[in-house]
Amino acid sequence: MPLGLVLGLGAALAWGLTDVCATFGGRRLGSLRVLAASQVVGFALLGILGLARGELIPGDPGATLAAVLVGVAGTGAYLSFFTALRIGPLAVVSPIAAAYGGLTVVLAVVLTGERLTSFQAVGAGVATAGVVLAGLVFDGGIRHARIVGRGVGFAVVALVLFAVMTMASAGPVRIAGWLPVIFVARLTSAAISIALLAVATARPASLAPLLEAPQTAAPSAWWLAAAAGLLDAAGLVSFAIGLEQSETWLVGLASSFGPAVAVLGAVLLLGERLRPTQWLGLAGIAIGLVAVAIG
């Protein structure tokens with residue numbers, strides 16, 4: 001099995017659990033508080049790892065600037081995604097956002113000239129179609145297909161920004177190494193998140209939709225937000241190592257398998273129910289990834 005596929009799936013597992021924790025935390029704390037807490041915790045974990053390895057800041061100035069830009073895009077991606085998870089439903093929002101894997105494939109082939117075998121291309125197409133299908137509902141036939149859930153708009157924004165992050169990370173990671181790049185990116189997103197939270201707290205009327213939760217919440221809600229940060233950072237580590245060792249499209253696509261974990265959590269913990277088309281979509285993801293691995 002390709003190393004990039006293994007690392008991508010490791011990231012998918014961590015990110016699927018991140019979705020579950022962020023959903024519960026966001027509905028008790030609000031999107032912006034979960035964003036700030038998760039980014040700070042993730043930054044701390046990556047900082048400890050960086051100090052242990054002696055790798056914190058990229059030696060190449062261009063890679064450092066690129067990492068900062070990745071962090072800016074990451075702030076928007078996570079804020080959009082956590083907002084989508086908060087207003088849900090989780091079983092719909094997570095698969096939609098995970099379609100960034102398919103967009104990553106297209107961008108990698110078009111912009112960087114990466115090549116797929118015919119069998120892998122079919123597998124990538126099936127997996128991408130599965131991700132999209134998981135977020136669709138067919139009421140009255142295919143002509144009436146629609147994406148359900150109030151969080152769909154935010155999920156689509158997150159989809160695009162996550163794909164941009166993937167593509168923008170690949171070059172700097174291969175120049176300066178994965179840890180310095182994602183450390184600087186997470187430092188940037190943590191700083192922006194704290195600043196946004198400070199502004200929202202001082203002027204609640206302007207950013208009220210992002211603080212749509214009680215001012216005080218049970219400690220368990222903050223623990224959930226912290227867990228989301230830890231899991232997300234673990235996923236980033238697996239993902240970044242994959243970018244360093246394998247093709248961008250393979251890692252990006254495999255990491256989009258996270259919705260399978262999130263949907264399972266939605267069904268078991270939130271009582272959400274999937275329609276047949278959504279189950280079919282998840283099956284398509286699995287079949288497509290197997291085809292990619294065999295190829």
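The values are calculated or read from the model by the stated rules, or taken from the named source; none is laboratory data. Computed from a prediction, not measured in an experiment: that's the story for all the values here. Methodologically, a virtual Cβ is constructed for each residue, glycine included, from the backbone with ideal geometry; neighbour enumeration extends over all protein chains shown. Remember, those area values only see protein heavy atoms, side chains included, never the ligands or the DNA or RNA. Shrake-Rupley method; radii C 1.70, N 1.55, O 1.52, S 1.80 Å.
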Most fluctuating of Ser31, Ser246, Ser255 in the GNM of the chain (C-alpha, under 10 Å) is Ser246
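What part of the accessible area of the chain, given as a whole %, is carbon or sulfur when the probe is 1.4 angstrom? Mind dumping the intermediate values first?
Working: 8890 of 12190 Å².
Of all accessible area on the chain, carbon and sulfur atoms account for 73 percent.
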If the chain between Leu3 and Ala195 were fully stretched, how many nm would it gain, using 0.36 nm times the residue separation less the Cα-Cα distance? 65.3 nm
Residues with beta-carbon under 14 Å from that of Val173, excluding Val173: net charge, scoring Lys, Arg +1 and Asp, Glu -1? -2
Summing -39500 (n - 2.57) over the DSSP H runs of n ≥ 4 in the chain and dividing by its residue number, what mean residue ellipticity at 222 nm do you reach, to the nearest 500 deg cm²/dmol? -26500 deg cm²/dmol
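Just subtract the alpha-carbon distance of Leu51 and Arg174 from 0.36 nm times their residue separation and send over the number in nm, one decimal. Can you show the working numbers first?
Numbers: separation 123, 0.36 × 123 = 44.28 nm, distance 2.00 nm.
Here the segment from Leu51 to Arg174 would lengthen by 42.3 nm.
What is the percent of Cα-Cα separations in the chain that go past 33 Å? If you can, show how the numbers build up before the last one.
Values: 8322 of 43365 pairs.
In whole percent, the share of Cα-Cα pairs in the chain beyond 33 Å is 19.
Grab the eigenvalues of the alpha-carbon gyration tensor for region 25-98, scale each by 5, take roots, and send me the semi-axes largest first in whole angstrom. If you can, show how the numbers build up before the last one.
Working: eigenvalues 163, 45, 21 Å².
That gives 29, 15, 10 Å for the three semi-axes.
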Remind me, relative contact order of the chain in percent, using alpha carbon pairs under 8 angstrom and six or more residues apart? 44 percent
Highest GNM mean-square fluctuation, the chain, Cα pairs closer than 10 Å: which of Val157, Val110, Val68? Val110
accessible surface per residue for the chain, probe 1.4 Å, DNA/RNA/ligands not counted, whole Å² -> 41 Å²
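Just to verify a number: FRET efficiency for Val109 and Trp223, C-beta to C-beta distance, R0 = 35 Å, to 0.05?
0.25
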Rounded if a/c is under 1.5, else prolate if a/b is larger than b/c, else oblate: which is region 59-105, with a ≥ b ≥ c the root eigenvalues of its Cα gyration tensor? oblate
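Could you compute the FRET efficiency for Ile287 and Ala202, with r as their C-beta to C-beta distance and R0 at 45 Å, rounded to 0.05?
Here the calculated transfer efficiency is 0.35.
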Tell me the net charge near Phe81. Cut-off is 11 Å between Cβ atoms, Phe81 excluded, with +1 for each Lys or Arg and -1 for each Asp or Glu. -1
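Contact order normalised by length for region 1-154, with contacts defined as Cα pairs under 8 Å and 6 or more residues apart; what percent is it?
Values: 106 pairs, mean separation 41.0, N = 154.
Once divided by the residue count of region 1-154, the mean separation gives 27 percent.
Hey, got the dipole for the chain? About the Cα centre, +1 on K and R Cβ, -1 on D and E Cβ, debye to the nearest 20?
Numbers: 14 positive and 10 negative charges, 128 e Å.
Computed charge dipole of the chain: roughly 620 debye.
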Which Cα, out of Leu196, Ala240, Pro180, lies furthest along the positive dipole direction of the chain (beta carbon charges, K/R +1, D/E -1)? Leu196
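What does the charge count near Val41 come to, summing +1 for each Lys or Arg and -1 for each Asp or Glu among other residues with Cβ under 14 Å from its Cβ?
On the way: positive: Arg33, Arg186; negative: Asp232.
Net charge around Val41: +1.
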Residue with peak Gaussian network fluctuation, the chain [Cα springs, cutoff 10 Å], from Gly47, Gly101, Gly16: Gly47
